[in-house]
Amino acid sequence: MIIEYISQSFDVPDKMIEEYVEGYEVLATVDLREELEVLRNCVYQLLILIEKEPKLLHKSKIKEDFINTLAMKEALFQLKLLHDS
């Protein structure tokens, strides 16, 4: 899947997104509400960091972590867990 962020396109493997969807399904339970909030916060903090300092993406490890974060965000979105309803 191609995901657009900060005027750039990132190729996020569908398989990576699927793996996060499978792993995060359990977060829909009320018992893990706090953990879901922590995960959301981490995802958003990394997105904000890259938005403020896009030069960080020139480092391959950081870019890899960022693509993983985009996959996490998409998985939460697909599971309808990205935002509170």
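The values are calculated or read from the model by the stated rules, or taken from the named source; none is laboratory data. What you see is a predicted model, and the numbers here were worked out from it, not measured in a lab. Positions of Cβ are generated from backbone atoms using ideal geometry, with glycine treated the same way; all protein chains shown enter the neighbour counts. Keep in mind that these areas ignore ligands, DNA and RNA; they rest on the heavy atoms of the full protein, side chains included. Shrake-Rupley method; radii C 1.70, N 1.55, O 1.52, S 1.80 Å.
Would you please calculate the Kirkwood hydrodynamic radius of the range 27-85 over all C-alpha pairs and express it in Å, rounded to one decimal?
On the way: mean 1/r = 0.0819 Å⁻¹.
Answer for the range 27-85: a Kirkwood hydrodynamic radius of 12.2 Å.
Tell me, what % of the accessible area of the chain is carbon and sulfur with a 1.4 angstrom probe? Intermediate values should be presented prior to the final figure.
On the way: 3200 of 5860 Å².
The nonpolar share, carbon plus sulfur, comes to 55 percent.
What size of dipole, in debye to the nearest 20, comes out for the chain about its Cα centre when the only charges are +1 on Lys and Arg C-beta atoms and -1 on Asp and Glu C-beta atoms? Before the final figure, lay out each step's value.
Details: 10 positive and 17 negative charges, 88 e Å.
Using only the charged Cβ atoms, the result is roughly 420 debye.
For the range 67-76, take each phi angle, set θ = phi - 60°, evaluate the Karplus expression 6.51 cos²θ - 1.76 cosθ + 1.60, and give the result in whole Hz per residue in order, putting x for glycine and proline.
Per residue, the Karplus-derived 3J(HN,Hα) values read 5, 4, 5, 4, 5, 4, 4, 5, 4, 4 Hz.
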